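Peer 1: First the structure, then my questions, so here it is.
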Amino acid sequence: MASIVIGAVRRGSTRCGMAIALGMAIALALAGAGTAAAQAPSDPGAIRLDNYMRDLAGPSTVLGVVGGGVLDHLRRKPVGWNGDDALMAGIASRAARTAVQASVHHGLAALMHHGTEYQPCGCRGFGPKVGHALLESFTDRRPDGGRALSVPRMAAAYAGSFARMAWEPERTAGQAAVGATLSIGFTALFNVARELSGVAR
């Protein structure tokens, strides 16, 4: 994924805001990678870093970035992105948004001592499963076992959406806000679907 983004940046398909955001995310990941290798697998810091790296560049993330970029390209070419670079620019835009979103989510969660992992439900029945999925979507677990509103997850969705305005000049603040809100809603629906299908386990 990084090579795709770097190639698009070199061809001038994206703006400097994306390069800065992505560079910061990669620097954070590389800085922590050496530390994580020496830590025990059960160490909370190592687990948190592993979760961050999964959300930053895991297989499902790469699939979502590339697949979403291709779908965006087939639906419409963003203004200012023409020719052969348009597809790469779209994928790079999604990759940069993902880097910003993952960095904000995991950074804030670490500062606020919130968990970032989805905890599957051991319950039975449609209602309890849906309720649990929605609870996991909008709240985080605290170290004491309690729950708190998932400010890190929500802030990350809006940060990622608004960050796109740095390299997509045609994108408005209203579009960014709607996109972030829809993203939060789709995440909740996805959690409900995987809970009901048993994939969450």
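The values are calculated or read from the model by the stated rules, or taken from the named source; none is laboratory data. Owing to the predicted nature of the structure, the values given are computational and were not obtained by experimental measurement. Using ideal geometry, Cβ is built from the backbone for each residue, glycine included, and neighbour counts are taken over all protein chains shown.
Peer 1: If we scan segment 147-157, do we find a residue that is surrounded by fewer than 19 Cβ atoms within 10 Å (Cβ to Cβ), under 22 Å from residue 196 (Cβ atoms) and in contact with a Ser or Thr (Cβ under 6 Å, 6 or more places away or on another chain)?
Peer 2: For segment 147-157, residues surrounded by fewer than 19 Cβ atoms within 10 Å (Cβ to Cβ), under 22 Å from residue 196 (Cβ atoms) and in contact with a Ser or Thr (Cβ under 6 Å, 6 or more places away or on another chain): present.
Peer 1: Between residues in segment 167-182 that are under 14 Å from residue 72 (Cβ atoms) and residues that are among the acidic types (Asp, Glu), which pairs lie under 9 Å by C-beta distance while being six or more apart or on different chains?
Peer 2: Note: no pairs meet the criteria.
Peer 1: Could you tell me whether residue 175 is within 24 Å of residue 58 (Cβ to Cβ), of a type in the set (S, T, N, Q) and part of a helix (DSSP H, G or I)?
Peer 2: No: the conditions fail for residue 175.
Peer 1: Residue 180 - would you say it is buried (at least 16 other Cβ atoms within 10 Å of the Cβ) and at pLDDT 95 or above?
Peer 2: yes
Peer 1: Checking residue 113 against (1) surrounded by fewer than 13 Cβ atoms within 10 Å (Cβ to Cβ); (2) on the phi > 0 side of the Ramachandran plot; (3) touching a residue at least 12 places away in the same chain (Cβ under 8 Å): exactly one of these is not met. Which one?
Peer 2: So residue 113 meets the others, but not (1).
Peer 1: Please verify whether residue 141 is at pLDDT 90 or above, surrounded by fewer than 18 Cβ atoms within 10 Å (Cβ to Cβ), touching a Gly at 6+ places or on another chain (Cβ under 6 Å) and not hydrophobic (A, V, I, L, M, F, W, C), treating the condition exactly as stated.
Peer 2: When the stated conditions are applied, residue 141 passes them.
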